[in-house]
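Derivation of every value follows stated rules applied to the coordinates shown; laboratory data play no part. All values reported here derive from a predicted model rather than from experimental measurement.
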């Protein structure tokens, strides 16, 4: 099973990409695709389309397009749920210590990482960020 994980602008700016990669690999999951990209407004709006009617949408788009992100395709047994457990609650004040957000997130917006929350979302996001030839089997 594959899932999508991204280090958000605050995580990239704070030099946490290596820490996120280390945690993924230490957990026994494989990174089968990875790239640094700077989202434009159109791609950001597509990614976060489910939030378009919420009052924080414009701030979210502004933030996610403010700096590069590192997008990853992660493979492993139960990858979606394993990654979700590893990153912790969206709100860092509710994220358990030992999770990425519990250890590094500053606030609900600057919470270091994004991860797909279901198999369907993972498939959609992987297709948005990666062409088939950019994903590797090893």
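A few points about this structure:
- Centre-to-centre, using Cα atoms only, the range 19-87 and the range 1-15 are separated by 5 Å.
- You can think of it this way: the chain between residue 133 and residue 57 has 24.1 nm of extra reach, that is 0.36 nm per residue less the Cα-Cα gap.
- Most mobile listed residue (48, 104, 63) in the chain, GNM with C-alpha springs under 10 Å: 48
- Percentage relative contact order, the chain, counting C-alpha pairs under 8 Å, at least six apart: 37
- Dimensionless Rg over Rh [the chain; C-alpha; Kirkwood]: 0.93
- Potential extension, residue 49-residue 120 segment - 0.36 nm per residue separation minus Cα distance: 24.1 nm
- When the Gaussian network model of the chain links Cα atoms closer than 10 Å, the mean-square fluctuations of 103, 40, 26 top out at 26.
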